[in-house]
Each structure stands twice: as C-alpha cells, then as structure tokens.
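Each remark here refers to the structure printed beneath this line.
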Amino acid sequence: ERVKKLAHVSPSQIKTFRRCARRWYYEKLVGLRPPPTAALQRGTDLHTCVEHRIMHGEYKGTDDIVAIAQAGEAYLDNIAANFKRGDVLIECKVDLTEGLALPLTGRADVVDLADHKVIDHKTTSNFRWCVPPFQLRTDVQALSYVMWAKTAQQMKMPVEFQHIYYRTRGKPA
C-alpha cells in the first residue's frame, strides 16, 4: 500500500475526515475512491447547466437537468446580471495559506463581488437534508471561503455565504 504525501487540504476533505477518518485515509492518501454515483453525476451536470445559464443566458443540458436548474431562476437572474457587469467569478479557486500548516484549497461556485456573497449550488433529493443557515456559521467550507473572499478578493464585511439548493426528486424546486 503506497501512501501519498498530502500537499493541501480542502473543506470537503476535512468534512470527510470528521465523518470517517478511515474513508479519508483511503481516498486521499491511498488513492482508492469509489466510482461516482448517479446522484454525484446529477450534481455535476446541474453545476455545469447553472454555470452556463449565468455566463451565457441560456440553459444547456438534458431536459431533466434543465428543469431542475430552472427552479433556481429567481436566484440566477441577479447573479447573471452581476456577471455581465464583471462582478461575478464562477468556479473560482480558493487558496488560503497564511498561518496554515498546509494550504487549504477549494472551488467557490459563485463569488458575487457586487453583493458580497459566496454561493454554493447544492443538490438534494429532499429539502429536509438542507444545512440550515445557523449551521453555516460554523461550517468549514463557509468559514474558509468567507475568509478567502475577505482577503484575496478584498470584500468588505459582511460577506454572506449561501447555499442554493435544487431538489432532484419529485417536482423540481
């Protein structure tokens, strides 16, 4: 068994480690990852569709993915308008190094410089699985992305971290 040297950590790695250190070890240090599930692929496809809508003004994807993405239209209009003005970064690399033993890296789905928001698109089969806003106050991804936005993007406080949830089962919402 060959163990990789850890060059950085990410919020998802930290969450995986907190849930199951053994799983984190095998995925991140040994390199044994399970194949992507259908739900994971659906989430990836939705991200691509939503990003295309923000950047190009139209949806691109299969009919079922487009229907799910359209459920978030009310949120996407403002992001798209700010993108046209050059005030939105899509899939922006997050990189925090100062004062850390290992760099913390990630990808922010949307950084809205005009509205001082960092937005993460999430898919869920049921809204009961949504992380409530009060839990985002201690979420490692939320905290690290907001810290990065304040420093690297020089956003003034307050910076809001927001999840936009898309329901993937039943009627899109």
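What the Cβ-Cβ distance of Ala101 and Leu32 gives, at R0 = 22 Å and to the nearest 0.05, is a FRET efficiency of 0.35.
Principal axis extents of the C-alpha atoms in region 81-173 (largest first, rounded to whole Å): 44, 35, 21.
Between the alpha-carbon centers of region 96-111 and region 16-67, tell me the distance in whole angstrom. After rounding, the separation between the Cα centres reads 19 Å. Take every pair of alpha-carbon atoms less than 8 Å apart whose residues are at least six positions apart; their mean separation over the length of the chain yields a relative contact order of 21 percent. Between Asp77 and Asn126, full extension at 0.36 nm per residue minus the direct alpha carbon distance yields a gain of 15.2 nm. Long hydrophobic helices in the chain, taken as whole DSSP H segments with a C-alpha length of 18 Å or more on their own axis and mean Kyte-Doolittle hydropathy at least -1.0: 38-56. Helix-only mean residue ellipticity at 222 nm, the chain, DSSP H runs n ≥ 4 weighted -39,500 (n - 2.57), per residue, nearest 500. What is it? Only helices count here, giving -11500 deg cm²/dmol. For a straight C-alpha distance cut-off of 23 angstrom, the lysines reachable from Lys15 (same-chain residues fewer than eight places away being disregarded) are Lys4, Lys5, Lys28, Lys93, Lys117, Lys122, Lys150. Extension gain for the segment Met147 to Phe134, taken as residue separation times 0.36 nm less the Cα-Cα distance, is 2.9 nm to one decimal. Mean projected area of the convex hull spanned by the Cα atoms of region 121-173, taken over all viewing directions: 4.1 nm².
Values in this text are rule-based calculations from the coordinates and carry no lab data. Small disclaimer: the values here were computed from a predicted structure and weren't measured. Heads up, the Cβs are rebuilt from the backbone with ideal geometry, glycines too, and the neighbour counts pull from every protein chain shown.
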